[in-house]
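Just below is one structure, and these are the notes that go with it.
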Amino acid sequence: MSSKRITQVSVVGGMLVSLWSLAAVVSGLAQVNWQVSELLRQYMTAIGVIREFHTFVDFYTHIKGIEYVICLAFLVGFPMFFRFLNKSTAEQESA
């Protein structure tokens, strides 16, 4: 196939996927009475971002997990930031 044909097929495929996703969003909005926030809440609940906790232990375990991720990000990010702040002027000009 020529590159022009491949481009045409890619554009048509992209248009079909776009049309399908637009139809899915409009259908979802229609089901929740056109409330965008309710649609987002249901989506985040479905993918596991938002969970309902039935006990305090479940909630506390979830919060501790998030805390560990934040600590790990800080322990990786802070040394990199510190090294960036303490570069000499010769190193900064070459970078």
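Considering each residue of region 62-76 in turn, at least one proves to be more than 20 Å from the chain's Cα centre (by Cα) and among the aliphatic types (A, V, I, L, M). Before we move on, is SER21 of a type outside the set (Val, Ile, Thr) and open to solvent by less than 80 Å² (accessible area, probe 1.4 Å)? So SER21 fits the description; yes. PHE53 fulfils the conditions (1) over 22 Å from the mean Cα position of the chain (by Cα); (2) assigned to a helix (DSSP H, G or I); (3) of a type outside the set (D, E, K, R) except for a single criterion, (2). When LEU39 is tested against the conditions (1) closer than 16 Å to ALA24 by Cα; (2) aliphatic (A, V, I, L, M); (3) out of contact with any Gly (no Cβ under 9 Å at 6 or more places or on another chain), the lone failure is (3). For region 37-50, taking the residues that are assigned to a helix (DSSP H, G or I) and either touching a strand residue (DSSP E or B) at 6+ places or on another chain (Cβ under 8 Å) or not hydrophobic (A, V, I, L, M, F, W, C) (or both), the one that is surrounded by the fewest Cβ atoms within 10 Å (Cβ to Cβ) is identified as SER37.
Only residues in region 56-84 that are surrounded by fewer than 10 Cβ atoms within 10 Å (Cβ to Cβ) count as the first member; pair them with residues that are in a helix (DSSP H, G or I), Cβ under 7 angstrom, at least 6 apart or cross-chain, and list the lot. Close Cβ pairs (under 7 Å, with a partner that is in a helix (DSSP H, G or I)) do not exist here.
Only residues that are assigned to a helix (DSSP H, G or I), open to solvent by less than 100 Å² (accessible area, probe 1.4 Å) and either of a type outside the set (A, V, I, L, M, F, W, C) or in contact with a strand residue (DSSP E or B) (Cβ under 9 Å, 6 or more places away or on another chain) (or both) were counted across region 24-36, and they come to 2.
The values are calculated or read from the model by the stated rules, or taken from the named source; none is laboratory data. This structure is a prediction, so every number in the text was calculated from the model and none was measured. FYI the Cβ positions are ideal-geometry reconstructions off the backbone, even for glycines, and counts take in every protein chain you see. Heads up: the accessible areas ignore ligands, DNA and RNA and are worked out on the full protein's heavy atoms, side chains in. Shrake-Rupley method; radii C 1.70, N 1.55, O 1.52, S 1.80 Å.
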